[in-house]
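One structure is given here, and the rest of the page talks about it.
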There are 4 protein chains.
Amino acid sequence: MLDVCVIGASGYTGAQLVELLLGHSEVQLNRVFVSAASADAGKPIGTLHGRLASSRLTLEALDEASLAMLADTMDIIFLATPHEASHQWMDQLSGGKARVLDLSGAFRLQDIQAFEQYYGFAHTSPEALSKTVYGLAEWYPQKISKANVVAVPGCYPTASLCALKPLTAQNLLDPAHRPVINAVSGVSGAGRKAALANSFCEVSLQSYGVLGHRHTPEIEAYCGVPVIFTPHLGNFKRGILATITVKLANGVGAAMLQQAYQQAYQDHPLVRLRNSWPKLDDVVHTPFVDLHFKADPESGYAVISAAIDNVMKGAASQAIQCLNLMIGQPAAKGLIPL
Amino acid sequence: MLDVCVIGASGYTGAQLVELLLGHSEVQLNRVFVSAASADAGKPIGTLHGRLASSRLTLEALDEASLAMLADTMDIIFLATPHEASHQWMDQLSGGKARVLDLSGAFRLQDIQAFEQYYGFAHTSPEALSKTVYGLAEWYPQKISKANVVAVPGCYPTASLCALKPLTAQNLLDPAHRPVINAVSGVSGAGRKAALANSFCEVSLQSYGVLGHRHTPEIEAYCGVPVIFTPHLGNFKRGILATITVKLANGVGAAMLQQAYQQAYQDHPLVRLRNSWPKLDDVVHTPFVDLHFKADPESGYAVISAAIDNVMKGAASQAIQCLNLMIGQPAAKGLIPL
Amino acid sequence: MLDVCVIGASGYTGAQLVELLLGHSEVQLNRVFVSAASADAGKPIGTLHGRLASSRLTLEALDEASLAMLADTMDIIFLATPHEASHQWMDQLSGGKARVLDLSGAFRLQDIQAFEQYYGFAHTSPEALSKTVYGLAEWYPQKISKANVVAVPGCYPTASLCALKPLTAQNLLDPAHRPVINAVSGVSGAGRKAALANSFCEVSLQSYGVLGHRHTPEIEAYCGVPVIFTPHLGNFKRGILATITVKLANGVGAAMLQQAYQQAYQDHPLVRLRNSWPKLDDVVHTPFVDLHFKADPESGYAVISAAIDNVMKGAASQAIQCLNLMIGQPAAKGLIPL
Amino acid sequence: MLDVCVIGASGYTGAQLVELLLGHSEVQLNRVFVSAASADAGKPIGTLHGRLASSRLTLEALDEASLAMLADTMDIIFLATPHEASHQWMDQLSGGKARVLDLSGAFRLQDIQAFEQYYGFAHTSPEALSKTVYGLAEWYPQKISKANVVAVPGCYPTASLCALKPLTAQNLLDPAHRPVINAVSGVSGAGRKAALANSFCEVSLQSYGVLGHRHTPEIEAYCGVPVIFTPHLGNFKRGILATITVKLANGVGAAMLQQAYQQAYQDHPLVRLRNSWPKLDDVVHTPFVDLHFKADPESGYAVISAAIDNVMKGAASQAIQCLNLMIGQPAAKGLIPL
């Protein structure tokens, strides 16, 4: 049994990680942390997250002494923290025995100029960044298995890249046209906090971050082409549906797309090539990516749709996939019956 | 044309009042206010409430000078403010020409001991309270028509009293059994504010304020019998559905109930005696109360159901009914085609 | 007072029409119809549509005799019927005194080949089609004012065309790139009927009709450029949010877009150029179109967002706009305070 | 490994059963059935239930030959069928080696007069009924462990009985007052079917089956007191929240209630005595019952709230609890980490 801990367990992603880790046969989770400044320190985790009401875990305040101790005693540390906190703590946490899985955006962009532009502050941990592996589980399993630091992908990039990479990896797109990614996310993507914009009565389907969202450079970096990405807030708690419109390269048709997807995912049980258009409820509370596409031979355009649970495949369950790869287990261990 | 203004127009009730007043043929609304301390002062109302995006009204900061001026120049002042603010401003606002309609809870309970117990602070305006009329429009039209100060009823009491009063007014209930009121409200009832409990991901059907909600003494005061009132938060924006279980007095049956309801509401077009169980969507965004009931001759129990829009009949449209009564218009003027 | 009637009043669009017409000061609505084959014939309209519970209107069965009588006695007839029924009845209904507003898809496409391809059956009323005017109210007011038959636009086309036409009318788009329209509609767009796909538990955000929806040729016909249109079903009852990605022609920037939109809509109070991204709830139960856009000078792409209520501006309230134009009233009469 | 099968796997309960059984370490599920008349026969289960898209199970048509074969070869048979079908097939299915868990209402009432009154048809399988055990897992574990036929309780009764039985079992209630049960259920409780009443646009919070719902006699039979039960349809897919108002017997207070609940559930990990009012989302997609209560010493009334997932604890996961008891495993096996 490996020793793991979760830092940032007061949020939705942290709580989901705790739920998954408590059900994982290869690890033991005995400690969960929040920032020392958090009003939640000292509370049983079940008082924040009712689904965990039976758990005996209490949110501990993370202080300097704990950081050093965790780095030396834990096998795996999960960081479900704000970007800034991940920056601040990573050097210490990744400097010992422990390997670190970071679920924030702090280490996803290798380009620190782009990071500063999109996140609004300078990268303070470039050394840790240089050894970080991007944790898109189906695409970088070898690198993840050996990594000391893994940046678990963002929710929108996970959905977008799972849909786009089979095509960009094989140069099936017309380079004169940017893929147009429209995605709708559940409100949990905005985190667990009091904010007027996230209050029940204010939420209503709406785009945001148009032509400037920070997941744009992340998508572009890992699929290799520039995109137009428009995120939307939807009136539901969990899930992302991404609808992607692409212009195919000359001569590319439905059969080549089918082949590209099958080849990419035939050995990956958590990506499901569906025979109908993905529906959010089919994936919510699951670790799956559901994909479907259609090509229009006349116009040369194609539409691809991807559905995930943003808190699962877009965060916590993808982190578990990375964990499994790092400890030599099947990627889907603890996520689906094997 | 009468001059009216709305104080507290940043909230959901205030915005709904503005929408109704802008469409009312007998009044002109040129000024809307927020507390001087509010960050919303100076903003066009449409930036807070998108439905009013075409309006040229700007939220003015309410200062001392304005209070005196409004009392002297306005015909009717609507207060859609916190209880404390209504206390603070009422003496001044009701001391001149203007008549005041208060939508807070500040003046609904004549019993100031009960007020202090349920609201947590002492009543600071007992003189204004002594001249206040309770604005349950279908039940106190005469008094409302002459009032200088009207306390517009709370949302739960409106639904509960419209359902119960026809029975209590005619002594149709068994006094040994308290009516059991279960009601579910939309989240707008909690007001427009940033709060974790009202954030989209946290809202889920749940009871609250059990055996101690401040609307309990208000219901009891105006129907004359003690009740067990259990409110719930529902996963919708607007509406209240109240389900009320009563034990009928000996010898009371369905026919007597039917007669009691018909007699109470035959001249009141905004109360609709339905032939099926009221459904929230039938009343949301409308000024109606929908009622239906069923009696069980064997056990002597009956169930009554009432549906309203909490922001309309539970606040703003009932205030408009009171306005109409005060200015000698049909109560439903500006609310339904007449 | 003009005499009007609604044929097809059992559906959501028909009921909304009834609600609007009952509140319209220039018309009287005394008769509402359903197909003679409908099980709803003979029922008070309020038993189907609870919002109309106070109405005394009863759904009459439409027989042959009624058709002739209505054509001769009504001033305006609203058809909120299936496409096939509109075909069947149009010749007779439009052959007399009455002018007809058809809210189905039967007369929206002048190209009868395209009609047959997308609707799956041949057009049976080409003569009426030849005199039909497309009822996009802000764009064709002159023609509508004189028309005998108006085809009220589809819901998706209304949102899409209001967003696109200011740009295509002034040739601001790069012709090598198709506008990409992603739109999410509430379930009312599918009509009032029992169907597993529309049952509460089955509805979940999902695309459908990809690269083949019948609103595609309608959009293309009236904006003059080919588009990629992807509709989605959303988990809400009313509303459409359309997000449109375009490639601008060389040299076109934000200022030219701003000018194009202002010029197009400055005299049209029901189209609101918002300063933030449109949100469904701002327009639901209203006759408004909310629009906002952003251009990216670097890439030359722009994103436009349009929000409407599909049952109102996407159907019933746009029909009222057409009615107003036909009878010489301001287009917004009966829809907003004037 | 025990051999199990599910009959009626096209519905929501059947699909949830399949999902749970596929993850249960002590059983193997290789066959799932639908009625031979069903249009779903022959379809892969994933085409009906997207969450099961990876499953290779295909819905087989259940014919006479299968019935006999299943009775002889299966260890456990789950019936997630209409009441009538359970009647029809039970004698044959329970006549051999197999033990049967029936999730319909067919065998829940031992009183066949009451059955006929509330279900509308006569009981056709009284012999099987006489040997049926009621599968309320926390209350009848011994009987369930030995049963050949188990009637898995209804969803409302499960929530209601878990809340009430600790009180009625110890005679803590005033017999002159009926417990008043108000419960709100998600739409999945109505089953997977096309029906106007369950269509997305028609669903809105509403009571139904008032003073006559068939779960009333089931609740009364197993808690031993008459109740007033009012069910409601809520605008959500899964979950039941039951709010129960009781009059306590003289001298009974909060401490005795606390003791009664603790004693009843201290060894039952799936019933959670919460410190705050249960919220649906804390239990949806889980096997838990969340309970909380408050007593009012002044009036002698108390309110108890219970939350469950109607498809899980209200059907499928309670059936798994019964299965575990029948095969000598901990009741929570396969439902939570043990």
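FYI, it's all coordinate maths here, none of it is from the lab. As the structure is a computational prediction, the values presented were derived from the model and not from experiment. Positions of Cβ are backbone-derived with ideal geometry, glycine not excepted, and every protein chain shown enters the neighbour counts.
One quarter of the convex hull surface, Cα atoms only: what value does that give for segment B:89-141 in nm²?
Numbers: hull surface 16.3 nm².
Across all orientations, segment B:89-141 yields a mean hull projection of 4.1 nm².
Give the cross-link partners of residue D:333 among the aspartates and glutamates, using a straight C-alpha distance below 19 Å as the criterion and excluding same-chain residues fewer than 8 apart.
The qualifying aspartates and glutamates are A:19, A:26, D:3, D:19, D:26, D:75, D:138, D:267, D:290, D:309.
Relative contact order of chain A, please, whole-number percent, based on alpha carbon pairs below 8 angstrom and at least 6 residues apart.
Values: 734 pairs, mean separation 56.5, N = 338.
Contact order relative to length: 17 percent.
Given label points at 7 Å from Cα along Cα→Cβ, what nm distances, shortest first, separate residue D:38 from the same residue in every other copy?
Taking the point 7 Å beyond Cα along Cα→Cβ, the inter-copy spacings are 3.5, 4.4, 5.6 nm.
What residues qualify as long-range amide H neighbours of residue B:239, i.e. H under 5 Å apart, gap of 5 or more or another chain, H built at 1.01 Å from N?
Excluding prolines and chain starts, which carry no amide H, the hits are B:186, B:310, B:311.
Rounded to the nearest 5, what is the percent of antiparallel bridges among the DSSP beta bridges in chain B?
Values: 25 of 58 bridges.
Antiparallel bridges make up about 45 percent of those DSSP assigns within chain B.
If you take the charge dipole of segment D:155-310 about its Cα centre, with +1 on Lys and Arg Cβ and -1 on Asp and Glu Cβ, which of D:189, D:270, D:173 is farthest toward its positive end?
Projecting each Cα onto the dipole axis, the largest value belongs to D:189.
Taking the axis about which chain D rotates onto chain A, which residue of D lies nearest it as judged by Cβ position, and how many whole Å separate them?
Residue with the nearest Cβ, plus whole-Å distance, for chain D: D:285, 3.
Using modelled amide H (1.01 Å from N, peptide plane; none on Pro or chain starts), what sits under 5 Å from the amide H of residue B:58, excluding residues fewer than 5 places away?
B:32, B:45
With N set to the number of residues, divide the alpha-carbon radius of gyration of segment D:19-103 by 2.2 N^0.38 Å and report two decimals. Can you show the working numbers first?
Working: Rg = 12.9 Å, N = 85, 2.2 N^0.38 = 11.9 Å.
In units of the 2.2 N^0.38 Å rule of thumb, it is 1.08.
What lysines does residue D:294 reach when the alpha-carbon gap must be under 27 Å and sequence neighbours fewer than 8 apart in one chain are set aside?
Output for residue D:294: A:43, B:247, D:165, D:247, D:279, D:313.
Taking square-rooted eigenvalues a ≥ b ≥ c of the alpha carbon gyration tensor, is segment B:83-234 rounded, prolate or oblate, where a/c under 1.5 means rounded and, failing that, a/b exceeding b/c means prolate? The partial results should precede the final answer.
On the way: a/c = 1.85, a/b = 1.15, b/c = 1.61.
Here segment B:83-234 falls in the oblate category.
Please report, for residue D:328, the nm distances (one decimal) from its label point, 7 Å out from Cα along the beta-carbon direction, to the equivalent points in the remaining copies, shortest first.
Residue D:328 label point versus its equivalents elsewhere: 3.6, 9.1, 9.4 nm.
Shortest first and in nm to one decimal, what separations exist between residue D:175 and its copies in the other chains, measuring from label points 7 Å along the Cα-to-beta-carbon line?
2.6, 8.9, 9.1
Count the DSSP beta bridges whose two residues both fall in the protein assembly as shown, then state the antiparallel fraction as a percent rounded to the nearest 5.
Details: 106 of 238 bridges.
About 45 percent, rounded to the nearest 5.
Which Cα, out of D:236, D:306, D:210, lies furthest along the positive dipole direction of segment D:155-310 (beta carbon charges, K/R +1, D/E -1)?
Farthest towards the positive end: D:236.
Counting DSSP beta bridges with both partners in segment D:155-310, what percentage is antiparallel, nearest 5?
Details: 24 of 33 bridges.
Roughly 75 percent of the beta bridges in segment D:155-310 run antiparallel, per DSSP.
So for segment A:226-323, what are the equivalent ellipsoid semi-axes in whole Å, largest first, each being the square root of 5 times an eigenvalue of the Cα gyration tensor? Please report the intermediate quantities before stating the final value.
Working: eigenvalues 126, 56, 27 Å².
Gyration-tensor ellipsoid for segment A:226-323: 25, 17, 12 Å.
For segment C:155-310, what does the alpha-carbon gyration tensor say about shape, rounded, prolate or oblate, given a ≥ b ≥ c as the root eigenvalues, a/c under 1.5 as rounded, and a/b over b/c as prolate? Walk me through the intermediate numbers first.
Values: a/c = 2.15, a/b = 1.58, b/c = 1.36.
Note, shape of segment C:155-310 comes out prolate.
Given H placed 1.01 Å from N in the peptide plane, which residues other than close sequence neighbours of residue A:206 have an amide H under 5 Å from its amide H?
Result for residue A:206 returns A:233.
Shape of the protein assembly as shown from its Cα gyration tensor (a ≥ b ≥ c, root eigenvalues): rounded if a/c is under 1.5, otherwise prolate when a/b > b/c, or oblate? Don't jump to the answer; show the numbers that get you there.
On the way: a/c = 1.28, a/b = 1.05, b/c = 1.22.
Taking the square roots of the gyration eigenvalues as a ≥ b ≥ c, the protein assembly as shown is rounded.
Any idea how far the Cα center of segment B:87-163 sits from the one of segment C:81-98, in Å?
If you average the Cα positions of each part, the centres end up 56 Å apart.
What FRET efficiency would be calculated for the residue pair residue C:117, residue D:250, taking the C-beta separation as r and a Förster radius of 60 Å, to the nearest 0.05? Show your work: numbers first, answer last.
Values: r = 78 Å, r/R0 = 1.31.
E(calc), rounded to 0.05, equals 0.15.
Suppose a student asked you for the relative contact order of segment A:80-169, using Cα pairs under 8 Å spaced at least 6 residues apart; what percent would you report? It would help to have the intermediate numbers written out before the result.
Working: 106 pairs, mean separation 27.6, N = 90.
Relative contact order, segment A:80-169: 31 percent.
Return C:162, C:201 ranked ascending by Cβ neighbour count within 10 Å, so the fewest neighbours appear first.
Working: C:162 28, C:201 23.
Exposure proxy ranking, most exposed first: C:201, C:162.
Hey, how many Å between the Cα centroid of segment A:266-283 and the Cα centroid of segment D:11-36?
Here the two parts' Cα centres lie 20 Å apart.
Rounded to the nearest 500 deg cm²/dmol, what is the calculated helix-only ellipticity per residue at 222 nm for the protein assembly as shown, with -39500 (n - 2.57) per DSSP H run of length n ≥ 4?
Values: 48 runs with 416 residues, N = 1352.
Theoretical 222 nm ellipticity from helices: -8500 deg cm²/dmol.
Within 10 Å of each Cβ in peptide A:188-200, how many partner chain Cβ atoms are there on average? Round it to a whole number, please.
Working: counts 3, 1, 3, 2, 4, 4, 8, 5, 7, 3, 7, 15, 17.
For this peptide, the per-residue mean of nearby foreign Cβ atoms is 6.
For chain C, what does the convex hull of the Cα positions come to per residue, in cubic angstrom? Let's see the in-between values first.
Details: hull volume 45.1 nm³, N = 338.
Expressed per residue, the convex hull around the Cα atoms of chain C is 134 Å³.
Pop out the ³J(HN,Hα) list for segment B:95-103 in order, Karplus 6.51 cos²θ - 1.76 cosθ + 1.60 with θ = phi - 60°, rounded to Hz; leave Gly and Pro as x.
Once rounded to whole Hz, the list reads x, x, 6, 5, 9, 10, 10, 9, 9.
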